[in-house]
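Reading through the structure tokens given below for one structure.
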Amino acid sequence: MQEFDVIVIGGGPAGYVAAIRSAQLGMKTAIVDEYIGKDNQPALGGTCLNAGCIPSKALLDSSEHYDRVLHKFAGHGIRAKEVDLDVPAMISRKDKIVSTLTRGVAGLMKKNKVTWLQGHGRLELGMKVAVKPHKGKAEVYQAKHIILATGSTPRMLPNIQVDQERIVDSTGALEFQEVPKKLGVIGAGVIGLELGSVWSRLGAEVIVLEAMDDFLAMTDSQIAKEALKEFKRQGLDIHLGTRVKHAEATKEGVALEYEDGEGSHKLTVDKLIVAVGRKPHTEGLNATEIDLLIDESGYIHVDEFCATNIPGIYAIGDVVRGPMLAHKGSEEGVMVAERIAGMKSRVNHDTIPWVIYTWPEIAWVGQTEDSVRQAGRECKSGTFPMRACGRALAMDETTGMVKVIADAHTDEILGVHIFGAAASELIAETVVAMEYQASSEDLACIVHAHPTMSEAVHEAALGVHGRSLHI
Ligand code: FAD
Ligand code: AMP
């Protein structure tokens with residue numbers, strides 16, 4: 001029986017990063033992954049590279065270009081005549097990016113001498129992993145350490161059957177070959193808003209049905225309010241407090257039934273995206289049979305260092321508690337590999353940045369003003385609108401704001417929330433600040449280049465003590 005120091009099950013951003021770091025630290029490492037890409041070939045990279053972060057951002061970028069040509073260029077004095085939209089070309093550009101990256105991950109495995117075991121991984125007693133290839137018999141491998149990184153899958157709704165034709169999940173929504181005339185989206189979460197934005201910009205009439213009364217409940221309420229106004233202005237027809245009860249594909253489209261405060265309603269759309277969240281994936285892992293503890297929500301139970309209840313077995317990424325974000329999983333992967341190698345690594349879950357890649361983007365780190373106050377802590381906040389930022393004006397991107405929240409007594413930054421162009425990049429500076437427990441005064445003392453969007457962060461930090469200069 002072949003033996004490895006580390007066997008990682010799952011080749012997404014959590015698993016493949018854990019494998020690279022384990023190999024870098026001199027451990028004999030294997031990665032088990034069963035994913036089959038669009039070209040029918042095994043592909044590493046998991047949901048993130050194949051059907052998540054990367055393909056959605058490729059389509060978001062393409063659709064942003066289209067939207068700009070149609071609606072923004074004229075304001076810059078550029079008039080484009082006869083703008084053509086070639087959806088299949090857009091989709092195949094996205095596919096090329098995905099295959100470049102997944103091949104790149106395979107290359108990284110080779111470079112780091114990580115053995116890629118293609119097929120389904122199943123845990124067996126005595127630190128063994130059985131790998132069943134897509135064709136042929138299963139083989140059993142011995143491990144000194146096992147890292148579980150089996151990710152997540154789309155959550156489904158009872159009474160709604162995804163056929164990936166008319167009713168699709170997030171994976172199917174990345175594959176439309178033409179723009180649906182009328183598109184329904186269930187769920188106004190991160191994925192629903194991103195995919196709804198793509199097809200809305202390309203010309204679909206998009207109706208978003210969200211069960212909760214609050215829009216983007218996890219973001220700062222001031223930012224969420226501005227964002228809702230802006231997305232509605234852009235044409236996303238967002239209905240809050242609306243629970244979808246039933247949906248069925250018909251010859252003409254999809255027939256939907258939903259309930260809101262006013263009663264029951266019927267609606268017909270051409271396509272429907274079900275985007276009601278994701279659930280941890282432990283199917284076929286044999287977890288309960290080997291007494292691996294799974295919590296009541298289906299996540300593999302881990303401690304702060306991602307150790308499970310079984311010594312030598314760790315779990316990271318979407319399959320464990322915390323935000324389902326690629327970078328969170330990758331950092332847990334590095335931490336676990338380093339701890340196996342005897343280092344004292346940790347991940348600070350309080351400073352994990354979130355980004356929603358709508359336009360403008362929403363990004364945040366740390367706590368919201370409401371959650372700080374609910375915890376009984378006094379805080380001060382500074383806000384700065386993008387319309388007062390010179391660079392935002394030059395770019396014609398004046399929507400949104402930056403908000404910095406700091407402890408009222410110590411001035412430590414407790415949260416930063418950005419709604420605006422380049423929010424996904426701007427947030428990085430504030431993550432560094434929070435990681436080093438900086439005060440709003442520290443951020444306010446740093447020189448920011450002019451003219452840049454980062455001046456809005458600077459001004460919001462100055463605003464915590466009423467010192468903003470340009471508003
Ligand atoms: P996954 O990426 O799900 O990988 C798990 C892998 O394990 C898969 O390849 C699976 O086939 C394999 N596997 C599972 N069980 C077994 C088994 N028993 N044997 C063998 N192989 C197995 N996150 C961000 O941070 N930024 C974004 O912009 C972003 N955008 C997203 C957009 C969409 C549309 C979606 C769906 C998700 C997005 N996410 C984003 C979330 C992100 O994709 C996940 O957080 C991330 O992929 C989780 O990584 P992971 O390694 O834990 O699991
Ligand atoms: P996220 O977890 O960010 O992907 O968001 C998923 C969203 O789907 C959440 O905001 C949920 O409230 C919403 N949701 C879940 N079930 C339903 C439903 N039956 N009808 C409408 N929205 C739903």
### Query
From the set of residues in region 130-155 that are surrounded by 15 or more Cβ atoms within 10 Å (Cβ to Cβ) and either of a type in the set (Phe, Trp, Tyr) or assigned to a loop (DSSP other than H, G, I, E, B) (or both), which is farthest from ligand 2 (Cβ to nearest atom)?
Tyr141
### Selection within region 87-119 - within 15 Å of ligand 1 (Cβ to nearest atom) and on the phi > 0 side of the Ramachandran plot
Gly119
## Note on the structure
Sole miss for Glu230 among (1) under 15 Å from Thr358 (Cα atoms); (2) surrounded by fewer than 15 Cβ atoms within 10 Å (Cβ to Cβ); (3) of a type in the set (Asp, Glu) is condition (2)
### Message
Quick check on region 157-170. Is at least one of its residues away from ligand 2 (no atom under 15 Å from the Cβ) and crowded, with 17+ Cβ neighbours inside 10 Å?
### Response
yes
### Message
Which pairs turn up if I take residues in region 167-180 that are farther than 18 Å from Arg93 by Cβ and look for partners that are among the small types (Gly, Ala, Ser) and away from ligand 2 (no atom under 16 Å from the Cβ) with beta carbon separation below 6 Å, at least 6 apart in sequence or on another chain?
### Response
Ile167/Ala249; Pro180/Ala204
## Note on the structure
Here the residues within region 292-325 that are over 22 Å from Ala30 (Cβ atoms), touching a helix residue (DSSP H, G or I) at 6+ places or on another chain (Cβ under 7 Å) and within 8 Å of ligand 1 (Cβ to nearest atom) are Met324
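Every read-out reported here was derived from the displayed coordinates using simple, explicitly stated rules and does not represent laboratory data. Note that the structure is a prediction, hence the values are computed from the model and not measured. Note that we place each Cβ from the backbone using ideal geometry, even for glycine, and neighbour counts take in every protein chain shown.
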